Amino acid sequence: MKNILKLTFICSALILGYSCTDLEEELEGSITAPFESAELPSIPEGATGAGGAAPSAALGGAYDALRGSSAGHGGYYSVQTVASDEQAIGQKGGDWFDGGIWLEMQRQTLGSANGPINSAWADSYAGISEANLALDNASLSPSEVAQAKVLRALFHWRLLDMFGRVKILDGTGADNPQSTRLEVFNFVESELLAAIGSTGITASMDLSGSPIASVPGPYGVNTYGALGLLAKLYLNAEVYTGTPRYEEADWAASYIIDNGSYQLADASFSVPNLAKRPNVDSDPAELVGYPAAFAPNNQNSPETVWAINYDAVTGGGMNFIQMNLHYSSQQTFLSNDQPWNGYQVLEEFYNSYDANDLRREASFLAGPQLDFDGSALLDYAADDDDLQLTYTPEISQLEPNSIRESGARAAKFSFQLFSQNTQNNDYPLVRLGDVHLMRGEARARAAGDWSLALPDVNAIKARAGLAAVGSITADEFLAERGKEMFQEATRRTDLIRFGKFTTTTWWEKSTTDAHRVVFPIPQPQIDASNGSLTQNPGY
């Protein structure tokens, strides 16, 4: 319990430390009184996350560390997202300047003093420490040992991906030296292989005897979840080590698809729309298919392999509603707290979706907004010529006065009425849509033939309501992956793997030096290391 409380405190401090600098702003006419006349929608039993068994208490600290570091503001999610072409955090007058940390992240000019980078580092090592504490428990079952190793591997993988040269904390208690990227890769691979009881990934492997084969999903990591993480590791192996491992990525992904019971969330899967406003006819009563897979009551999504169980009451930390929405949007959902109005979707990314793509409407809020009763939602502090709150795809500027309602807003992990400032949506770490795209890409890269990705790409397109394509290029595949994986903290890694992260331009970001494919080692960590950490080249 002490560890859980400690992590909760750390997470809260990070949120406060890197939120906009004027969260106390109150809009004239904003809602401050409770809505006693409004009736809460009926929420089905288990809507806040009863789709799978909770992990064992012995691993609670490690799983809580994962929850606290994955879908909140100020750490891993933020740096993966704002450093990419998905979203930006514009300076809105006195809001969200925060010493320029978000501007430099968007422009890829950040240095080693950047606070969110330091938080992403610290959060990952806090998770590793919790996993090591669990592994110190001699009474753990073989399954619990394997799960703890997967969690430890996941945190090391995040550090490998973000920073490259980091220390491996293997549970010995020693202050290990800074490892090369190859050494970290090898450690993560060995941890995951040990966890699934295998000496290597092959096309014909049998993992039925895996120590975690019987772990119920999606909240406890089982064999399929570990294989999903292995597929991510192998897919990026050429970036991490210089040696391609695409066949292993294909085999790991194929094992999940061929042996698991997972299915894409299509028209056969629906959930009640917990954001349905009684007087707004345009709000659907049900969310069907793709939007249902990310809803607040998505715990039974058939395509979730491994997910984090967020719960507004017992497992907080997902605060997209606060990060993304304009202050006045509190009056749309009658949420408990006023949103922060930070993150804005880049116009080019928003416009990359075909008008008929079902994921477009499911993933964004754009255009004129309505309040709870269906009336025009007013922004009494409007800094444009329209009093009605309208999310415009075009962002006026990055600084110093980004119009406060400019930019479409991320809403793939949709909201619900009368919500807290933290959400109930389960957050997928591995899901079948991602697995299909990993398999398709791995096959294409292994053979040097992108047509081999078409079966998996077309399965994803069909679920999105789009026609199948007969050919595809690497750039088209990257675009398709971006639309499918939006808001799942993969975009920075994908851009790097496709050679686009530093070499291409997007809004407010020019081409940058090659060394920026890894972040700088945070200066506070170097200062505290007594000389055992050195900075990444180029910084």
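Output the qualifying pairs, or none if there are none: Cβ atoms under 6 angstrom, residues six or more apart or on different chains, first residue in region 120-149 and without any contact (Cβ under 8 Å) to a residue 24 or more places away in the chain, second residue buried (at least 18 other Cβ atoms within 10 Å of the Cβ) and part of a helix (DSSP H, G or I).
Partner pairs satisfying both residue conditions: none exist.
For residues that are surrounded by fewer than 24 Cβ atoms within 10 Å (Cβ to Cβ) and of a type outside the set (G, A, S), scanning just region 278-290, find the one that is farthest from A213 (Cα to Cα).
This residue is N279.
With respect to the numbered conditions (1) over 21 Å from the mean Cα position of the chain (by Cα); (2) outside any helix (DSSP H, G or I); (3) closer than 24 Å to T493 by Cα, which one is the sole condition not fulfilled by T202?
For T202, the exception is condition (3).
Give the residue, chosen from L334, L370, L387, L346, that is of a type in the set (A, V, I, L, M, F, W, C), closer than 24 Å to G94 by Cα and at pLDDT 95 or above.
The match here is L346.
Mind listing whichever residues of region 162-184 are in contact (Cβ under 8 Å) with a residue 24 or more places away in the chain, surrounded by fewer than 24 Cβ atoms within 10 Å (Cβ to Cβ) and outside any loop (DSSP other than H, G, I, E, B)?
M162, F163, K167, Q178, R181, L182, listed by residue number.
Tally time: how many residues in region 330-365 are small (G, A, S) and surrounded by fewer than 20 Cβ atoms within 10 Å (Cβ to Cβ)?
2
Would a scan of region 391-400 turn up a residue that is without any contact (Cβ under 8 Å) to a residue 12 or more places away in the chain, in a loop (DSSP other than H, G, I, E, B) and among the aliphatic types (A, V, I, L, M)?
For region 391-400, residues without any contact (Cβ under 8 Å) to a residue 12 or more places away in the chain, in a loop (DSSP other than H, G, I, E, B) and among the aliphatic types (A, V, I, L, M): absent.
Inspect all residues belonging to region 141-149 and state whether any of them is buried (at least 17 other Cβ atoms within 10 Å of the Cβ) and touching a strand residue (DSSP E or B) at 6+ places or on another chain (Cβ under 6 Å).
no
Answer yes or no as to whether A265 is under 21 Å from the mean Cα position of the chain (by Cα) and over 17 Å from W157 (Cβ atoms).
It is true that A265 is under 21 Å from the mean Cα position of the chain (by Cα) and over 17 Å from W157 (Cβ atoms).
How many of the residues in region 113-124 are surrounded by 18 or more Cβ atoms within 10 Å (Cβ to Cβ) and either at positive phi or part of a loop (DSSP other than H, G, I, E, B) (or both)?
Within region 113-124, residues that are surrounded by 18 or more Cβ atoms within 10 Å (Cβ to Cβ) and either at positive phi or part of a loop (DSSP other than H, G, I, E, B) (or both) number 1.
Out of (1) closer than 20 Å to K412 by Cα; (2) in contact (Cβ under 8 Å) with a residue 40 or more places away in the chain; (3) surrounded by fewer than 20 Cβ atoms within 10 Å (Cβ to Cβ), what's the single condition that is false for G374?
(1)
Would you pick out the residues in region 332-359 that are touching a residue at least 60 places away in the same chain (Cβ under 8 Å), under 16 Å from R481 (Cα atoms) and either outside any helix (DSSP H, G or I) or out of contact with any helix residue (DSSP H, G or I) (no Cβ under 8 Å at 6 or more places or on another chain) (or both)?
Selection gives E348, S352, Y353, D354, D357.
Criterion first (out of contact with any Pro (no Cβ under 9 Å at 6 or more places or on another chain) and surrounded by 19 or more Cβ atoms within 10 Å (Cβ to Cβ)) does L159 satisfy it?
For L159, the condition - out of contact with any Pro (no Cβ under 9 Å at 6 or more places or on another chain) and surrounded by 19 or more Cβ atoms within 10 Å (Cβ to Cβ) - is met.
A quick yes/no check of all residues on (1) in contact with a strand residue (DSSP E or B) (Cβ under 8 Å, 6 or more places away or on another chain); (2) buried (at least 20 other Cβ atoms within 10 Å of the Cβ); (3) over 23 Å from S70 (Cβ atoms):
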| site | (1), (2), (3) |
| --- | --- |
| T392 | yes, no, yes |
| S396 | yes, no, yes |
| F415 | no, yes, no |
| Q420 | no, no, no |
| R439 | no, yes, yes |
| A447 | no, no, yes |
| V469 | no, no, yes |
| G499 | no, no, yes |
| T503 | no, no, yes |
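The values are calculated or read from the model by the stated rules, or taken from the named source; none is laboratory data. Small disclaimer: the values here were computed from a predicted structure and weren't measured. In this analysis, Cβ positions are derived from the backbone assuming ideal geometry, glycine residues included, and neighbour counts consider all displayed protein chains.
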